[in-house]
Structure formats: structure tokens, C-alpha cells
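The values are calculated or read from the model by the stated rules, or taken from the named source; none is laboratory data. All values derive from a computational prediction rather than experimental measurement. Using ideal geometry, Cβ is built from the backbone for each residue, glycine included, and neighbour counts are taken over all protein chains shown. With ligands, DNA and RNA removed, areas are computed over all heavy atoms of the protein, side chains included. Shrake-Rupley method; radii C 1.70, N 1.55, O 1.52, S 1.80 Å.
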Amino acid sequence: MKRLFLAIIIVTAVGCKKDDLPKSQVLNENWEFKKSADTSWYAAKVPGQVHTDLLNNQRIEDPFVANNELDLQWISEEDWVYKSKFSVDEETLKRKHLELKFNGLDTYASVFLNDSLILNSKNAFRTYSVDVKPIVKSENEIRIVFEHTTKYETLEAEKLSYQMPVDRRVFTRKPQFHYGWDWGPILTSSGISRTIELISWNDLKIKDVYFKQNYLDDDSASLQAEFDVEYDVLSEPIEVEIFINDELKSTTELSLVSNTFSVPFQIKNPKRWWPHNIGAPYLYTMRAVIKYDGRVLDMVEKKKGLRTVALIREKDSVGKTFYFKVNEVPVYAKGANYIPQHSFQGEVTDEDYERLLNDAVDANMNMLRVWGGGIYEEDIFYELCDEKGIMIWQDFMFACAMYPGDTAFLENVKQEAIDNVKRLRNHSSIALWCGNNENNEAWHNWGWQTDRSQEEIDEIWESYQALFNGVLPDVVNQYHSEINYWESSPSFGRRDPRSLTEGDAHDWWIWHDEYPFEHLLEAVPRFMSEFGFQAFPSYEAIKYINGNDSISISSKAFDTHQKHPRGYSIIRNYMERDYPIPEKDEDYVYMSQLVQANGMVLGFEAQRRARPYNMGTLYWQLNDCWPVISWSSIDYLGNWKAMHFKTKKAFGDVLVSTKVDNDTLKTWIVNDKLDVLSGVLNSKIIDFNGRIIWENKQQVEVSSNTSELKLQHSLGDSTFNKSKVVLVSEFNGKTNHYYFSRPKDLALHTAEILKTIEPTEGGFKIELSSPTLQKDVFLYSSTKGRFSDNFFDILPNTTVVIKFETDHKTFEDLQIKSFNNFIR
Ligand code: BMA
């Protein structure tokens, strides 16, 4: 669409000769599919996958409901065939070049065009282009056979004299989470995962343009447009025009002698792209146009921001720094690990991307890590991150396993890396390329070397080296040298003391090793790239799992929706330590969300207080790929758990945060902004009826981009009962509540929460108040909508105003839970 629109503008500008732009015909229509051995065909959706096609044709039950997953395993053991018919018009047929471009085939696919085999593909992450000029006619049939992956995996495994950790999936280049994860179902689907295009062109086609930034300062930016073109012999030079924000920047004439060439250009007084919490994520519209003989042959337009970004690792007195410097400014990274939004990627809409990324920005996140067991995301994901000022830590798609190192595998991965690095390198959001998730740590710490011969150990490790210290960094170096490459996340396993003094860390002492959350107060690494805790999803997701209106969590339906072998008991153990155990399922769900949220916030605050020692916190995990009990802060249906609401506060650019050290109360103000702040830090200890027990007000100034300890107060002589008070700190409109006892020991009172509800534009305004402090107040309703805040405290005799956004005109079923009611 964009191409056509631009073409019209240029034609008018040039005024005479007809342009000769390549054309793309997307083959999304008229698809049918069947099981290879069957005879009946059914309608298919492309892009998509076999499971959802079966579902849409009522051939299977919803894989996400109850334990249906278990009954659907046969699908991955079958071969599936997809076919479609398409017409090509006369004008297109006459073009000199016709090729089919496959943007995603998952995975072992044989493609036939009019009965000729044109492609055997074996990598779901790659893009394949095939010259089909000799085969294409006005009426065509395309047929794709997807063979099941086990066949290939068994073949590859048999070539080795030993078993790879972890078998099977490592041989197939497809999303690794399809094989099941500790938050995901085993639904190893197959199908046409991205569009297929018929591309036609005459004299020249731009395969790729990289707007490479060579130099950037406040006065000017030097860039070059690096072209990769395909062309027929042209007798005259071509003309290359570069437009920036629709203004012609440069015109270059050149005679084509090779497929690659570059054209330099400058931007004066450049505006920078910033992570959204530091500045505006400004994007230039950059357009490269190739003309010949007065005609436009091809053009490419991209939105691109100008920024420098570097991962800074410098030796210091304790170890090595690990932080991102953007435009020379150290930026504290706040965010989460992102997994695919659906087990079936074809179901994810542009609106889903928009909503989830808005939820990330809304919770004050400026970085997401695209985790290595998922997918190199769709273009729209990175376009939105560019626009919204979210930095991306991009893993290559390898996770929790050791991978083969034979020549064919390495070559396949090399092509995959080239395809994806080239596809993503114009995106300003990309801040880091990382080799894999936990492969290094796993090899050294998960017992994977036990019972292996030295020869085997050496071979597996050499394969690791070849891939993660050879192929992948070489590709990044060659194609995206402005971005750093990091071999593996985490750098060191948690048992290695260096995990706290250098590199990035995954703190699974919490959860997997069942350490208390207080451990996070002391164990602060340089950059936390994973830590997390599970909670139950929303009532809505629970009903989905049950396949009915029940919020029972002990039903049979739940058997497959807790993927961690000790999941239920870990949640319960942590709950028992600090919280009352409710009897009713719906209360247990609420309590599990509080355990997760309050525990994680303890970590976020400790890490942020410790800046610049620590310079980032990315929790595990932002989202879900199906309805499940997991570490996510947003469930599969888009509902925020308590943690997402509390993360939003804990990630605010200005944070007031308190800790008690040996009977000394200490309050920090963390300021991620580049401005100096001044204001009054108001701290008061009140009882649950609002009586002030201690109060301190002081004028403070907080430097930019820092964390500063602003208040120290000895509690040695205090006479108050720790279970009956809360510290309320306030600075420039930011508040923080600090409790001195574990939640279950708090002597909270029960009292009614008074509410008024009135309609406002786009929803309802809710006012809540109570004569006593109400802790972790949870609002819910079966009316679909969104609360502006939730799981908040109501201070005694203070009114809290919440907005409920909804399309509904009535709202009569507001329900309220308060933690107070669980104190016995
Ligand atoms: C981390 C992740 C995932 C996993 C999570 C929870 O290691 O990288 O592999 O889902 O822990 O166990």
C-alpha cells in the first residue's frame, strides 16, 4: 500500500515516464489444507497453522481449554498439506523476473508450484526466495507439504553417538517453546507462518537498504544507505535519491557494477531517538529511491531514529559494570522478558501488539528482552517499539539446550541470523543481540556433563563455541556492527559469585530454590535480566481454562495448566511464610497475586536503590502464550495481575523507597530523569486509624539519573507496635507505603469500604474510602473494562478515586476484596 501511494507522488513529480516498481502479490487467499493421508480438504487461514485451522473447521476442541492439549498430540505426528490457486495477470506475467518469497514456513516444507518442486525448506526463522519465472502461468496451483518434525529430529539424533541435552527440539529450527515450556503447552504446530508473496520486477529490485548511522553528534549525523540490489545489465548509470522527511537530501549517479553499493548522506542538527522515559523517541522517515532513464525502478521507506547505544562493561573495584548508554547517557533499564503472545502466532493481531506494548509503557518499562525460546518477532513489534521508545534486548532463538555444530546446521543458522539481523537492523529499538538463553549456564550447572566422555564433552562445547562465539557474533559484526553482541544470558550461573559482580544475572534463588524474597534485598547484581515468581491468572482466564463459569482452581481442567512440577507447592510455601492462606479458590487466586506482586516489588526497589551498581531489572515474564498459572504479570487475555499494577509504581521514574537496616529506617529517592528534582520529602508513621506517630518533613534535592539516600532515622527508641503501623512517604506526588511486619502479622481492622460510582466519559468514576487503612484493595467485575489502578491501599479517611474504562453503559457488579478481611 505504502509503495503504491509513494509511487503516485513520484510519478507526479517526475511528470512523464511510467514508473517500473516491483510489485508484490500476497498469496493469502483460497487456501485449503488436509492431513496428508486424507482426501477431504478444509478451508485454511494463511498466515496460520494447522491447529487453528483444525479448530476453525470444528475438527478439534479448543487446545487451550481443560486438558485438550493432551488429546491433540497426534497433530504433530502427521504430515499436513496446504494448497491454493492463484491467478497472475498478463502484465505481471510479462515482467522479466517473477519470484516467490516465503517469509515464514514452519518448518520442514516441500513447496510445489504447478507440480514442480521449487523449494525444500528447513528453518521456520528464514526467508526463502525462489525464481519461478519459468513456471508461473496465468492460473496456478501452489501446494506445500509440511512433514512432521520428529522424522527429521530422529534422523539427526541417530547421526550422533550420544544424546544432546535436550534431545529432539535442538535439531529443528522452529520456535523452541512449541515443544513445551514451564509455562507453555506442547503444541508443536506447523504451517505457513508468514506471508507468501509473488514478487515481479523488470530491470532492478532493491533487496535491502540499511540506513547505517556512522557518526552522530549534536551538529550532524553521518549516515550511509547501504543497498543490496538485483538487476539486469543497465547501459546507463542509475540515479539514487535519498529523502529525509520527504525532503530530498542527496542525488547520486552511479554505474552498477555490483549488487551492493552505498550512498552517504548527512542530517544537520539531528533530533535523537530516546527511550521514552528519557526523551522523545523521534523517528525520521528515510526513503531511498532508484531511478533509471527518468523512471522510478524501486524505492524503500523506513522510519529510523538516530541514537547511539552501547553496552558498557568496564572494570571497577568489585567487578565489571553492565549498563546501556544511550546517546552517551547511562540509562537504567526497567522492563520484562517477553515471550510469544500465543502458541499459535497466526492468531496474534496488530491490536494485540499495540495493547501489550502500551501496557509495557504504561508500567514505565523502557526495555523488553525478546527471549530466545520464542520467535524473532514480527516487524510490527519492532515498529511499535521504535515509536514508543522501548529498547529491545534481542536474543537469537536458542534456549536452555545445547545445539548441534555440524556444518549444515551452522550454515542453516548463519542464514537465519543474516535474514533476521538484516530485517531488524533499521530499528532504533534494538539495543543488544544476545546469543542464547541459559545455554552456557545450563551446560556448566545443570548436570549436563555428568556421565559423558571427555570427547563428548569437548564436542558439545566446541559446537557451542562455534555457534555463539563464531557464527552469531560474526553475523552481528558484519551486518549490524553498531550494536553489541552478548554471548549468553545470564553470564554466570547463580552459584558463581561473579553473578553478583559482573555481567547479567538470572536470580532463580527466588522460586526455583525457594529462597525468601528478602534475599533480593542483599543479592543485587549488576543487571538483573531474569527473576520471577508465579501467580494465578485472572478469574476470566480461570473460567476459560475450566471451559465454564467456575473459578475453581482444583478442577481436573487445571492439570495441564500448571507446567512447573512443583508450582503449586512453591506458591503455597511462599504464601504460608508471609500471608494467610484463604480457603476459597477465588481468594487464593487473589492472595497468590499479592505474593507475586509484593515479593517482586521488594526486588525492583532494592535493585533500583542500588543504581549505579545495578543498572537494570527485567523480570520474568511479561506475558503468556495461553491461559496458565505462570510468572507473567499480564495474563493471556490481557488482564493485569496485581504485579503489573505494582510494577507500574515501582518502575516510576521517580521512586521513593524505604528499607530498615539494623533498626535504622532509610529512605531513598531514585530519579531516572535527567532533571534535578527538588521538593519536600514527607515521611510519617501512622497507625491504621490514621493517628500520626512520627513525622518528618525535609526539603531535598535529588541529582539527575541517580539514587540517593535522603533520610536515616533510628527506630531504636520507638515504642510503636510494628504490626499496627505503616510508614507513608511522599515526595513530589509520589508515595510509598512501607510496612514493618509481614502481611499476615499486620493487625489490620475490618471495616466497610464506602463507595460511590458515577458515570463519566468512557466509563465510571469510583470513589472509595474507609475509616481504617485498607490494604491491597482489589476491584473486580464481570463487566469488561479496565480499572485505572488496582491492588492499592486506602489510607484511613482518605478518598481514592479510580476510573473504570468500559464500553458498557451500566456497571452494577463492582466487587471489592480487601486484604484486611483475611486477617484472623
Ligand atoms: C528462565 C527462563 C525460562 C523459564 C523461566 C522460569 O530460566 O529463561 O526458561 O521459563 O526461567 O523457570
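Structure notes:
- Enumeration of residues in the stretch 767-796 that are over 22 Å from residue 647 (Cβ atoms), modelled with pLDDT of 95 or more and open to solvent by 40 Å² or more (accessible area, probe 1.4 Å): 767, 771
- The stretch 496-548, subset outside any loop (DSSP other than H, G, I, E, B) and under 23 Å from residue 741 (Cα atoms), residue nearest to the ligand (Cβ to nearest atom): 535
- Conditions (1) touching a helix residue (DSSP H, G or I) at 6+ places or on another chain (Cβ under 8 Å); (2) outside any helix (DSSP H, G or I); number of the one not met by residue 723: (2)
- Screening residue 312 on (1) touching a strand residue (DSSP E or B) at 6+ places or on another chain (Cβ under 8 Å); (2) in contact (Cβ under 8 Å) with a residue 24 or more places away in the chain; (3) β-branched (Val, Ile, Thr); (4) open to solvent by 20 Å² or more (accessible area, probe 1.4 Å) shows it passes everything except condition (2).
- Set 687, 663, 675: member being in contact (Cβ under 8 Å) with a residue 24 or more places away in the chain and in contact with a Gly (Cβ under 8 Å, 6 or more places away or on another chain): 663
- Scanning the stretch 471-480 for residues that are open to solvent by less than 50 Å² (accessible area, probe 1.4 Å) and either in contact (Cβ under 8 Å) with a residue 60 or more places away in the chain or among the charged types (D, E, K, R) (or both) yields 471, 472, 475, 479.
- Looking across the stretch 442-460, just one residue is open to solvent by less than 10 Å² (accessible area, probe 1.4 Å) and either within 12 Å of the ligand (Cβ to nearest atom) or free of Cβ contacts under 8 Å to residues at least 12 places away in the same chain (or both), and that is 442.
- Of all residues making up the stretch 416-439, the number that are within 16 Å of the ligand (Cβ to nearest atom), touching a helix residue (DSSP H, G or I) at 6+ places or on another chain (Cβ under 7 Å) and of a type in the set (A, V, I, L, M, F, W, C): 0
- Among the residues of this structure, residue 301 does not count as one that is more than 24 Å from the chain's Cα centre (by Cα) and closer than 15 Å to residue 213 by Cβ.
- Test: residue in the stretch 550-571 that is within 16 Å of the ligand (Cβ to nearest atom), more than 30 Å from residue 429 (Cβ to Cβ) and of a type in the set (Phe, Trp, Tyr): yes
- Members of the stretch 156-186 that are on the phi < 0 side of the Ramachandran plot and either in a strand (DSSP E or B) or of a type in the set (A, V, I, L, M) (or both): 157, 160, 164, 166, 170, 173, 179, 181, 184, 185, 186
- Single residue of the stretch 586-620 satisfying the filter (of a type in the set (A, V, I, L, M) and outside any helix (DSSP H, G or I)) that is surrounded by the most Cβ atoms within 10 Å (Cβ to Cβ): 618
Residues checked against (1) within 16 Å of the ligand (Cβ to nearest atom); (2) open to solvent by 10 Å² or more (accessible area, probe 1.4 Å); (3) at pLDDT 95 or above; (4) of a type in the set (Ser, Thr, Tyr):
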residue: 170; (1), (2), (3), (4): yes, no, yes, no
residue: 195; (1), (2), (3), (4): no, yes, yes, yes
residue: 200; (1), (2), (3), (4): no, no, yes, yes
residue: 207; (1), (2), (3), (4): no, yes, yes, no
residue: 215; (1), (2), (3), (4): no, yes, yes, yes
residue: 230; (1), (2), (3), (4): no, yes, yes, no
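- Of all the listed residues (209, 240), the sole one being of a type in the set (A, V, I, L, M) and closer than 24 Å to residue 128 by Cα is 209.
- Residue satisfying all of: in the stretch 28-68; over 23 Å from residue 174 (Cα atoms) and either touching a helix residue (DSSP H, G or I) at 6+ places or on another chain (Cβ under 6 Å) or modelled with pLDDT under 95 (or both); surrounded by the most Cβ atoms within 10 Å (Cβ to Cβ) among these: 66
- Each residue in the stretch 359-404 was checked for being open to solvent by 10 Å² or more (accessible area, probe 1.4 Å), in contact with an Asp or Glu (Cβ under 7 Å, 6 or more places away or on another chain) and within 16 Å of the ligand (Cβ to nearest atom), and 1 pass.
- Candidate set from the stretch 652-683 (those that are part of a strand (DSSP E or B), among the polar types (S, T, N, Q) and open to solvent by 20 Å² or more (accessible area, probe 1.4 Å)); member that is farthest from residue 601 (Cα to Cα): 678
- Total residues in the stretch 137-155, condition under 30 Å from residue 561 (Cα atoms) and either touching a Pro at 6+ places or on another chain (Cβ under 7 Å) or assigned to a helix (DSSP H, G or I) (or both): 6
- Scan of the stretch 481-495 for residues that are open to solvent by less than 30 Å² (accessible area, probe 1.4 Å), in contact with a strand residue (DSSP E or B) (Cβ under 7 Å, 6 or more places away or on another chain) and part of a loop (DSSP other than H, G, I, E, B), ordered by number: 483, 490, 491
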